[in-house]
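Just so it is clear, none of the values below were taken in a lab; they were calculated from the coordinates. Remember, predicted model here, so these are calculated numbers, not experimental data. Cβ coordinates were reconstructed from backbone atoms using ideal geometry, including for glycine residues, and neighbour counts include every protein chain displayed.
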């Protein structure tokens, strides 16, 4: 599954409680080798905003432009961070978690 396919998917916790929509995917850059690769380490989920990807980008060094940084702080206020290791399933337009909503932290 491509990362873009995760965007906008509904997220449900282990008890069947709706957490929100995926609004961002957090990745880490793996160094080494001839090609750089990335590993997903979590999802940013919002129950308030619709399933939109806001297109906030970073430069090649991983830094955000100051305006993008301010916009991201406004947009992601109140969002929940879902560590990737708590994701049980992520197909069919929904993400199912192993954890409960109360175990998740704010962004």
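Placing dummy labels 7 Å off each Cα toward the beta-carbon, the span from residue 100 to residue 29 is 4.0 nm. Each residue, residue 67 and residue 84, gets one label point 7 Å from its Cα in the Cβ direction; the gap between the two is 3.1 nm.
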